Amino acid sequence: MRKVMKIKQTWHGLSLCASLSLGLVGLGLTASPSQAADKIVVGMAIASSGFMTAYDQPAAQAAKIKIDEINAAGGLMGRQIEVVEADTKSDQAEGAKAGLAVLDKGADLVIVSCDYDFGSPAALAAQQRGKISFFLCAESIKAGIQGVGPYSFSASILAAVQGATMMEWAYHKKKARTFYQLKDTWTEYNKGICDGFDWMESTGSLKDAKIVGKDTFKNDDPSISAQISRIKALAKEPDAIQLCTMMPGAPSAIKQIRAAGINSMILNGSGVDGNYWINAVPNLTNFFVPVQGSVYGDDPNKAIEQFNQNFAKKYGARPVTQYTYPGYVLIELWAKAVTRAKSVDSKPVVAELEKMKNEPTLFGPRSFSAQLHHQNQGLYLIAEITGGKGKIVDRWQISKPIPLDALLKK
């Protein structure tokens, strides 16, 4: 029980793709003062207290590693990058204040929380001031043009891409043909994973693949015995369970599935990557998630393992989840766009970001366009948990991007 409560305290409340009222548009935000010409200012309006720190701080620390690298190499356009911070306190109202605080300190770029709900207030403040914002790792289409405005971007990959990736990979590499979908309806992130599974089936590209049943539950449900009974009532155990959930409830659901004797492979999204929770499900096996980089020490890209070691040297511990990595990516992409634009002004930098097509980064290619400031396709590593330990077993990129109209429909 203590372990479950610890996970719950750490992860409670995260909603990777929830909606938010846009009432902040009428706040009457004023222009920020200019900074000294010899500095470029990156503002971090993120959580340094409250439950969102579990997501925000690792990604922000990764961003600072990239900033340190740029500064050590002579800076950006010959200017050093200075970081200013304000604590959102894991609260939406405080998020708006934090955004204004870093803007008042002259932020040229505003980095906001990993979640759409909690990052949007600061991102909207930046939009009103005509400044670029980057969500650390939000995975809703709203974390960008559709929910904030044309100066807003996200550094991660859409939740729907995760579901689509896992279904297509399991079909081709594991010969899975029958799937049973279990959707945790707590957050839009969870729904997004299942949306990706549904979209992949709807394409018809997996000729004999079939979702043989669908069910729902809530993240904090103490029991999913009814849902498990319906799976066991099938004439044949499905090849795969499409589990669309996240912390803190994921370990409980997974443990119940396995305790019921269901041995189907379990496919989930990136939200349950990492070793930190696996002890809650002893000897977990046949469990797969997509990741942007490996925290397990076996990433095929040696530069990523070097990053993990550098992270540990600087902060005292290795990354425990792939959600660390998008912070590094966002600085990498933004710095490239600034260099190409020869300016930190928002319009030319946005124009350069929107030209990026499969732009190489340490954690895989990234693309933006004038219609989408997010990733509707991405190269993922496939991590398997077997015998209670994680390892990378494959890599996969969905065969075609998820169309914008399909994303907006969801």
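The values are calculated or read from the model by the stated rules, or taken from the named source; none is laboratory data. Because the structure is a prediction, the values reported are computed rather than measured. In this analysis, Cβ positions are derived from the backbone assuming ideal geometry, glycine residues included, and neighbour counts consider all displayed protein chains.
Being of a type outside the set (S, T, N, Q), farther than 27 Å from G75 by Cα, in the same structural domain as D184 (by TED's automatic domain parsing) and not in a helix (DSSP H, G or I) is the requirement here; does G271 meet it?
Details: of a type outside the set (S, T, N, Q): yes; farther than 27 Å from G75 by Cα: yes; in the same structural domain as D184 (by TED's automatic domain parsing): yes; not in a helix (DSSP H, G or I): no.
Criteria not met by G271.
Criterion applied to E352, E384, E332 was being within 19 Å of the chain's Cα centre (by Cα), assigned to a helix (DSSP H, G or I) and of a type in the set (D, E, K, R), and the one residue passing it is E332.
Scanning segment 49-83 for residues that are surrounded by fewer than 19 Cβ atoms within 10 Å (Cβ to Cβ) and touching a Gly at 6+ places or on another chain (Cβ under 6 Å) yields a single hit, F51.
Of all residues in segment 371-390, those being more than 22 Å from P326 (Cβ to Cβ) and loosely packed, with under 14 Cβ neighbours inside 10 Å number 2. The one condition from (1) at negative phi; (2) modelled with pLDDT of 90 or more; (3) in a loop (DSSP other than H, G, I, E, B) that A86 does not meet is (3).
Restricting E359, E384, E354 to residues that are within 20 Å of A126 (Cβ to Cβ), charged (D, E, K, R) and either touching a residue at least 12 places away in the same chain (Cβ under 8 Å) or in contact with a His (Cβ under 9 Å, 6 or more places away or on another chain) (or both) narrows the list to E354.
Residues in segment 44-70 that are in a helix (DSSP H, G or I) and more than 16 Å from the chain's Cα centre (by Cα): K64, I65, K66, I67, D68, E69, I70. Within segment 209-240, the residues that satisfy the criterion of being of a type in the set (S, T, Y) and touching a residue at least 12 places away in the same chain (Cβ under 8 Å) are T216, S223, S225.
Table: residues versus (1) surrounded by fewer than 24 Cβ atoms within 10 Å (Cβ to Cβ); (2) in the same structural domain as I228 (by TED's automatic domain parsing).
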| residue | (1), (2) |
| --- | --- |
| L103 | no, no |
| V110 | no, no |
| S120 | no, no |
| A126 | no, no |
| S133 | no, no |
| I141 | no, no |
| M167 | no, yes |
| D198 | yes, yes |
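Would you tally the residues in segment 337-349 being crowded, with 18+ Cβ neighbours inside 10 Å and outside any loop (DSSP other than H, G, I, E, B)? Talk me through it step by step, then tell me what you get.
Just the residues of segment 337-349 that are crowded, with 18+ Cβ neighbours inside 10 Å, to begin with: 337-338, 341, 344, 346, 349.
Narrowing the set further to residues that are outside any loop (DSSP other than H, G, I, E, B) leaves 337-338, 341, 346, 349.
So the answer is 5.
Identify, from the list Y323, Y296, the residue that is hydroxyl-bearing (S, T, Y) and not in a helix (DSSP H, G or I). Lay out the reasoning, then the answer.
Details: Y323 fails: not in a helix (DSSP H, G or I).
Matching residue, one of Y323, Y296: Y296.
Here is a yes/no grid of residues against (1) in contact with a helix residue (DSSP H, G or I) (Cβ under 7 Å, 6 or more places away or on another chain); (2) hydroxyl-bearing (S, T, Y):
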{"position": "L109", "(1), (2)": "yes, no"}
{"position": "F135", "(1), (2)": "yes, no"}
{"position": "S156", "(1), (2)": "yes, yes"}
{"position": "Q162", "(1), (2)": "yes, no"}
{"position": "M166", "(1), (2)": "no, no"}
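Within segment 387-406, can you find the residues that are closer than 24 Å to Q146 by Cβ and either in a strand (DSSP E or B) or in contact with a Cys (Cβ under 8 Å, 6 or more places away or on another chain) (or both)? Break it down stepwise before answering.
Kept after step one, since they are closer than 24 Å to Q146 by Cβ, are these residues of segment 387-406: 397-398, 400-406.
Passing the criteria: only Q397.
Can you say whether G327 is modelled with pLDDT under 95, closer than 27 Å to G192 by Cβ and either over 16 Å from the mean Cα position of the chain (by Cα) or buried (at least 19 other Cβ atoms within 10 Å of the Cβ) (or both), as far as the supplied structure shows? Please lay out each step first, then the result.
Working: modelled with pLDDT under 95: no; closer than 27 Å to G192 by Cβ: yes; either over 16 Å from the mean Cα position of the chain (by Cα) or buried (at least 19 other Cβ atoms within 10 Å of the Cβ) (or both): yes.
No; evaluated as a whole, the condition is false for this residue.
All conditions but one from (1) hydrophobic (A, V, I, L, M, F, W, C); (2) surrounded by fewer than 21 Cβ atoms within 10 Å (Cβ to Cβ); (3) assigned to a strand (DSSP E or B) apply to A93; the one that does not is (3). For segment 283-293, which residues satisfy the criterion of being surrounded by 14 or more Cβ atoms within 10 Å (Cβ to Cβ) and either not small (G, A, S) or not in a loop (DSSP other than H, G, I, E, B) (or both)? Those that are surrounded by 14 or more Cβ atoms within 10 Å (Cβ to Cβ) and either not small (G, A, S) or not in a loop (DSSP other than H, G, I, E, B) (or both): L284, T285, N286, F287, F288, V289, P290, V291, Q292.
Take the residues in segment 132-177 that are closer than 18 Å to M52 by Cβ and part of a helix (DSSP H, G or I); name whichever of them is modelled with the lowest pLDDT. Of everything passing the filter in segment 132-177, K142 is modelled with the lowest pLDDT.
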